[in-house]
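Notes to accompany the following structure.
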Amino acid sequence: MPDQTPVTIVMIEDDEGHARLIEKNIRRAGVNNEIKPFTTGTDALGFLLGSDGNGREHKGEALLILLDLNLPDMSGVDILQKIKQSQGLHMTPVVVLTTTDDKREIQRCYDLGCNVYVTKPVDYEHFAQAIRQLGLFFTVMQVPENGKA
């Protein structure tokens with residue numbers, strides 16, 4: 001069996017409380033992968049797209065993106081679109097994790113190529129449970145290496 005490249009989770013979430021809750025409950029699910037947190041779309045895209053602007057700097061890496069749609073500097077939908085249009089990142093799985101449950105917004109995200117859309121439950125315990133279940137999902141999902149597909 002070939003060695004699997006460790007998956008790096010890129011978390012784009014501006015709410016510090018949500019970010020801590022997400023990380024804590026992903027860890028509780030037994031996921032110990034590196035998590036790179038970003039609080040703005042600008043910083044996240046700077047990292048993801050790299051200096052060449054097309055994401056090729058991440059060739060051979062396995063990334064999984066957790067994306068909030070409501071960010072202070074830009075729309076998560078715009079970030080999703082840039083990721084999926086990027087030559088180096090278009091195969092990267094994107095999990096939209098947001099409070100928005102508008103059916104048109106959900107459809108738009110899937111049309112743009114998001115892989116999973118999760119609406120954040122409002123109350124703490126349901127939110128924590130949803131993230132633990134998402135973490136369990138991460139333990140079994142396969143993530144392609146960038147530039148290999």
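Are any residues in segment 98-149 more than 13 Å from Ile22 (Cα to Cα) and small (Gly, Ala, Ser), and if so, which ones?
Scanning segment 98-149 gives Gly113, Gly147, Ala149.
Quick one: what pairs do we get from segment 106-124, first residue on the phi < 0 side of the Ramachandran plot, second hydrophobic (A, V, I, L, M, F, W, C) and open to solvent by 30 Å² or more (accessible area, probe 1.4 Å), C-beta under 7 Å, 6+ apart or different chains?
If the second residue must be hydrophobic (A, V, I, L, M, F, W, C) and open to solvent by 30 Å² or more (accessible area, probe 1.4 Å), the pairs left are Tyr117/Ile106.
The values are calculated or read from the model by the stated rules, or taken from the named source; none is laboratory data. These figures come from a predicted structure and were not determined experimentally. No Cβ is skipped: glycine too gets one built from the backbone with ideal geometry, and neighbour counts run over all protein chains shown. These accessible areas exclude ligands, DNA and RNA; they are computed on the full protein's heavy atoms, side chains included. Shrake-Rupley method; radii C 1.70, N 1.55, O 1.52, S 1.80 Å.
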